[in-house]
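Where a number appears in this text, it was derived from the coordinates with a stated rule and is not lab data. From a predicted model like this one, the values you see are computed outputs, not experimental measurements. So basically every Cβ, Gly included, is an ideal-geometry build from the backbone, and we count neighbours across all protein chains shown.
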Amino acid sequence: MSQKAAATRLSILRKAFELTYKKGYQATSVDEILKTLDVTKGAFFYHFKHKEEMGLAMISEVMYPGMYASLIAPLSAGMDSIHEICSMMEGLLLGNPFFDVKYGCPAINLIDEMAPLNSGFSKALADLTNHWREAIEACLKKGKLSGQLRNDLNEGDVALFIISGYAGIRNLGKIYGESCYAGFLVNFKEYLNSLRSSAG
């Protein structure tokens with residue numbers, strides 16, 4: 001693929017992501033994506049057989065790299081697991097300039113909209129979420145091995161609880177606004193600190 005073709009493909013995926021985030025996947029048409037980019041249908045179908053193929057590529061080529069930078073990389077930044085997870089959550093809710101409180105989280109929105117309807121989307125979104133879950137589990141395991149966290153905690157269950165909390169508060173933010181994040185973060189930090197060992 002030429003450099004120009006690769007750039008066109010990426011621009012289509014980024015625009016699809018931007019519009020899907022604001023309008024939803026099903027309400028975003030290929031024609032609308034192309035119109036905002038001034039790209040021909042021929043160029044679109046050169047890269048994607050259909051809209052579904054584009055949507056799956058959007059998850060793997062746009063959403064995953066963004067998720068890695070915001071959700072996974074911060075978890076290996078230091079030696080205090082609780083601090084790393086708290087910083088990650090605070091950054092997600094308050095520090096990401098792309099996310100708009102009224103639109104929620106792009107990944108959670110897609111899970112709500114498409115996972116029940118399309119097995120390809122369900123698998124791709126499960127893979128996306130599992131990468132994050134595994135990173136949280138690894139961070140918690142690091143804390144257990146260093147003696148910071150209680151030995152009896154189940155990393156998988158805690159990781160799922162953390163992701164569920166994020167998904168819930170992101171969705172509630174759509175109706176309550178950003179003010180609901182503050183109370184969530186206070187209680188989230190209290191919960192995580194309850195996982196510390198007596199020595200941690």
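Remark: region 117-130, residue by residue, has Karplus-estimated 3J(HN,Hα) of 9, 9, 5, x, 5, 4, 5, 4, 6, 5, 4, 4, 5, 5 Hz, where x stands for each Gly or Pro and the curve is 6.51 cos²θ - 1.76 cosθ + 1.60 at θ = phi - 60°. Each part gets one Cα centre, and for region 121-200 versus region 51-86 those centres are 14 Å apart. Close amide-amide hydrogen proximity is noted between LEU149 and LYS144, SER197, each under 5 Å apart and 5 or more residues distant or on a separate chain (H modeled in the peptide plane; Pro and chain starts excluded).
Remark: region 99-116, residue by residue, has Karplus-estimated 3J(HN,Hα) of 5, 10, 3, 6, 9, x, 10, x, 5, 5, 4, 5, 4, 4, 7, 10, 4, x Hz, where x stands for each Gly or Pro and the curve is 6.51 cos²θ - 1.76 cosθ + 1.60 at θ = phi - 60°. Rounded to the nearest 20, the Cβ-based charge dipole of region 51-193 about its Cα centre (Lys and Arg +1, Asp and Glu -1) stands at 160 debye. When percent of Cα pairs over 28 Å apart is calculated for this entry, the matching label among [x] 21; [y] 34; [z] 28 is [y].
Taking all Cα pairs closer than 8 Å and separated by 6 or more residues, the relative contact order of the chain comes to 22 percent. Between HIS131, ILE85, LEU10, the Cα set farthest toward the positive side of the dipole of the chain (charges on each charged residue's Cβ, about the Cα centre) is that of LEU10.
Report the calculated FRET efficiency for LYS189 and SER76 (r = Cβ-Cβ distance, R0 = 22 Å), to the nearest 0.05.
On the way: r = 20 Å, r/R0 = 0.90.
Efficiency, from the Cβ-Cβ distance: 0.65.
Note on LYS41: aspartates and glutamates with a C-alpha under 13 Å away, same-chain residues under 8 apart excluded, are ASP31, GLU32. Here's the picture: a label point sits 7 Å out from the Cα of CYS86 along the beta-carbon direction, and within region 151-190 the residues with their amide nitrogen under 16 Å of it are 182-190.
For region 58-69, backbone phi angles converted through the Karplus equation (6.51, -1.76, 1.60; θ = phi - 60°) give residue-by-residue couplings of 4, 5, 7, 9, 10, 6, 5, x, x, 5, 4, 5 Hz, Gly and Pro being listed as x. Rounded to the nearest 500, the helix-only mean residue ellipticity at 222 nm of the chain stands at -21000 deg cm²/dmol, with each DSSP H run of n ≥ 4 adding -39,500 (n - 2.57).
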